[in-house]
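K.L.:
This is the structure, below, for whatever I ask next.
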Amino acid sequence: MEIPKGVNVVAKEFSPAPPLPTVINEVRQKTMNNTMQELKLIEKLEQLQAEENELKDKMENMFEAEADSEGLKKCLQEVKAEKAEVEAQLNALRQRLDDVQAEAIKEKDDQLKAALKEEIQADMIDIEANDKSITIRIRIRNKGSFALGSV
């Protein structure tokens, strides 16, 4: 008895053709060094908080000489000052990043409004932008849509 063999339709219908370029919609994203700086500052802030907590623990558990505790107090004050400085830099960087994002969204909003000017004037769409996003609302006016109350 012979095992039945299948027919490969693709192989049967294949014919070589010259290669043609394909149109590929490629989306790219740019990143900024601000994010890397923010991550470094956050990492340093966490490190400083850990050092601060460690020094606080040492001070609480310390019953040694007054000179050692004075040195720890001074070190703790330095860590607190450096922590405050890093937090201020981080807040400034976050503010700058928010400003850049808001500016980019404003530019995109203006570009969309210019590109879709006719549709906006025809009251077919609405474009709204806030600090973090752009919303496009498409209005359907019963043209080609389902009748009211239909299932």
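K.L.:
By counting other Cβ atoms within 10 Å of each Cβ, how are E2, E70, E82 ranked from fewest to most? Each step should come with its number before you reach the end.
P.N.:
Numbers: E2 4, E70 10, E82 15.
Result, fewest neighbours first: E2, E70, E82.
K.L.:
What ranking of I140, I105, I24 emerges when the number of other C-beta atoms within 10 Å of each C-beta is taken as an exposure proxy, fewest first? Please report the intermediate quantities before stating the final value.
P.N.:
Numbers: I140 9, I105 16, I24 5.
By the 10 Å Cβ count, ascending: I24, I140, I105.
K.L.:
For segment 33-138, how big is Rg over Rh, using alpha carbon atoms and the Kirkwood form of Rh? Before the final figure, lay out the partial values.
P.N.:
Numbers: Rg = 24.6 Å, Rh = 17.8 Å.
The Rg/Rh ratio comes out at 1.39.
Read-outs: derived from the displayed coordinates by stated rules, not from any lab. All figures in this text were calculated on a predicted structure; none of them were measured in a lab. Backbone-built Cβ (ideal geometry, glycine too); neighbour counts: all protein chains shown.
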